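Student: Let me give you the structure first, and then I'll get to my questions.
Taken together, the values in this text are just the output of simple stated rules run on the coordinates, not laboratory data. Bear in mind that the values here come from a model prediction, so they are computed numbers and not experimental data. Using ideal geometry, Cβ is built from the backbone for each residue, glycine included, and neighbour counts are taken over all protein chains shown.
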Amino acid sequence: DQQVKQNSPSLSVQEGRISILNCDYTNSMFDYFLWYKKYPAEGPTFLISISSIKDKNEDGRFTVFLNKSAKHLSLHIVPSQPGDSAVYFCAARFAGNNRKLIWGLGTSLAVNP
Amino acid sequence: DTAVSQTPKYLVTQMGNDKSIKCEQNLGHDTMYWYKQDSKKFLKIMFSYNNKELIINETVPNRFSPKSPDKAHLNLHINSLELGDSAVYFCASSQDTLTGELFFGEGSRLTVL
């Protein structure tokens with residue numbers, strides 16, 4: 001049973017517009033949520049994170065929103081650039097000693113010039 | 001210098017063989033991981049070591065044996081390879097920071113024929 005779900009396998013956006021990537025989770029024991037970006041033939045790279053006690057975190061063009069009551073988070077990229085084209089993974093971390101990350105399946109974002 | 005490096009990047013081998021994948025990190029991190037990304041693109045943790053001690057051991061066949069000679073290295077040895085072992089294996093490291101951000105290697109694509 002997937003505890004972290006990214007229901008859109010792919011998303012296509014025009015350059016300059018907003019990209020919104022969504023992630024849903026089922027477990028209330030997650031204390032941190034992270035977004036990673038992955039280019040082909042490379043490992044995932046950390047993008048932005050948010051603590052479960054916050055509802056928004058912003059870093060440049062990237063903003064993550066957390067709605068705990070809905071168990072939903074989203075990553076906004078604005079303005080989108082062609083270099084943002086990649087697979088975006090949502091990951092949730094368990095509170096506690098081992099702090100294991102549970103990953104979504106990823107959303108492939110294509111930003112068209 | 002690559003922060004997290006894995007070798008080999010590609011490995012093609014026959015069923016029943018034994019193979020190893022090596023990982024080294026020069027970030028001074030205390031924790032290292034092995035992840036498996038299968039054909040469905042699902043990233044799943046296999047093992048985690050903190051200062052050479054095993055802290056996460058998911059339900060992985062005992063044909064897989066991690067070895068950490070020191071905290072900068074985490075190698076993965078696989079015995080009696082099976083077709084289902086074909087995947088991309090990612091090594092990662094992290095410091096014990098609040099966010100648990102992981103730094104990934106480029107991945108090692110294993111193909112079992």
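Student: To the nearest 0.05, how large is the calculated FRET efficiency for A:GLN3 and A:SER69 if R₀ is 22 Å and r is the Cβ-Cβ distance?
Tutor: After rounding to 0.05, the efficiency reads 0.80.
Student: On to the next question. Beyond a 27 Å Cα-Cα separation, which of these cross-linked pairs lie in this structure: B:LYS9/B:LYS67; A:LYS38/B:LYS22; A:LYS54/B:LYS9; A:LYS5/A:LYS37; A:LYS71/B:LYS67; B:LYS40/B:LYS71?
Tutor: From B:LYS9/B:LYS67; A:LYS38/B:LYS22; A:LYS54/B:LYS9; A:LYS5/A:LYS37; A:LYS71/B:LYS67; B:LYS40/B:LYS71, over 27 Å: A:LYS54/B:LYS9; A:LYS71/B:LYS67; B:LYS40/B:LYS71.
Student: Would you please classify the overall shape of chain B from the alpha carbon gyration tensor, given that a ≥ b ≥ c denote the square roots of the eigenvalues, rounded means a/c under 1.5, and beyond that prolate means a/b larger than b/c while oblate covers the rest?
Tutor: It comes out prolate by the Cα gyration axes.
Student: If packing is taken as the mean number of other Cβ atoms within 10 Å per residue, what is the order of B:53-60, A:89-96, highest first?
Tutor: The peptides rank, most packed first, as A:89-96, B:53-60.
Student: Taking the Cβ of A:TYR88 as the centre, find all other residues whose Cβ is under 13 Å away and add up their charges (Lys, Arg: +1; Asp, Glu: -1).
Tutor: Computed value for this residue: +2.
Student: While we're looking at this one, here's another question. Treating each Cα of region A:26-113 as an identical point scatterer and ignoring solvent, apply the Debye formula and state log10 I(q)/I(0) at q = 0.22 Å⁻¹.
Tutor: Per q value, in the given order, log10 I(q)/I(0) is -1.12.
Student: On to the next question. Report the label-to-label distance for A:SER28 and A:ILE53 in nanometres (one decimal), using points 7 Å from each Cα along the Cα→Cβ vector.
Tutor: Computed distance between label sites A:SER28 and A:ILE53 equals 1.8 nm.
Student: I'd like the per residue volume of the convex hull spanned by the Cα atoms of the protein assembly as shown, given in cubic angstrom.
Tutor: Value for the protein assembly as shown: 127 Å³ per residue.
Student: Sticking with the crude label model, points 7 Å out along Cα→Cβ, report the distance from B:LEU113 to B:ASN62 in nm, one decimal please.
Tutor: If labels sit at B:LEU113 and B:ASN62, their model points lie 3.2 nm apart.
Student: Give me a single rounded figure for A:43-53: the average over its residues of other chain Cβ atoms within 10 Å of their Cβ.
Tutor: Going residue by residue through A:43-53 and averaging, the value is 4.
Student: Same structure, new question: Whole angstrom only: what separates the Cα centroid of region B:9-71 from the Cα centroid of region A:80-113?
Tutor: Each part reduced to its Cα centre gives a spacing of 21 Å.
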